[in-house]
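Values quoted throughout were computed directly from the atomic coordinates according to the rules given, and no laboratory measurement underlies them. Bear in mind that the values here come from a model prediction, so they are computed numbers and not experimental data. Cβ atoms come from the backbone with ideal geometry, glycine included; neighbour counts cover every protein chain shown.
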Amino acid sequence: QVQLVESGGGLVQTGGSLKLSCAVSTNIFSLDAVAWHRQVPGKQRELLGSITKVGEAHYTDSVKGRFTISRDYTKDTVYLQMNSLKPGDTAVYYCSTTRIGDRTVYWGQGTQVTVSS
C-alpha cells in the first residue's frame, strides 16, 4: 500500500504561481513514476505529466513550458511548479503512482487550485 498526500493548493490570481507537493509514504525509488493529473467537475481526469524513477520529467502539451515536475528523494516528495496560471487551470490536482512490479495505481486525495481572473 502506498499513500500519497497532495498539498499546496489554493487561490491565486491569473498570471500567478503555485507549487504543489505530493508526499509519498514509501521510498520514492521503489516507484515506477509519479504523475500529476487534474480534474474539473463533470470532465475526465487529465494527465499533466510525470517524473520517472530516474528523474526524467515528461509533460503533456497543455502544460509544457508552464509547469515543472521535480522531486526531492530525501523527502520522498514530488513537486508540481505551476507558473503563468490561467482560469482554465482551475481544478482539483492529483498525484498518482505505481510501485515497481505492481499494477495497482495509487492516488492522493487531491488539492484544489483556483485561478481567479
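What the phi angles of the range 103-109 give under the Karplus curve with 6.51, -1.76 and 1.60, with θ = phi - 60°, is a coupling list of 7, 5, 9, 9, 10, x, 8 Hz, glycine and proline written as x.
Relative contact order for the chain: what percent, with Cα pairs under 8 Å and sequence separation of 6 or more? If you can, show how the numbers build up before the last one.
Numbers: 293 pairs, mean separation 43.2, N = 117.
So the answer I get is 37 percent.
Straight-distance candidates among the aspartates and glutamates for linking to LYS53, with alpha-carbon spacing under 16 Å and chain neighbours fewer than 8 residues away dropped: ASP32, ASP72, ASP76, ASP102.
For the range 19-26, 3J(HN,Hα) computed residue by residue from phi via the Karplus equation (6.51, -1.76, 1.60; θ = phi - 60°) reads 10, 8, 10, 10, 8, 9, 7, 9 Hz, glycine and proline entered as x. Around the Cα centre of the chain, unit charges on the Cβ atoms of Lys, Arg, Asp and Glu (plus for the first two, minus for the last two) sum to a dipole of about 140 debye. Rounded to the nearest Hz, the phi-derived 3J(HN,Hα) couplings of the range 110-117 under the Karplus curve 6.51 cos²θ - 1.76 cosθ + 1.60 (θ = phi - 60°) are x, 9, 7, 10, 10, 10, 8, 8, where x marks glycine and proline. Taking amide H as placed 1.01 Å from N in the peptide plane, GLY108 has its amide H under 5 Å from the amide H of CYS95, each at least 5 places away in sequence or on another chain.
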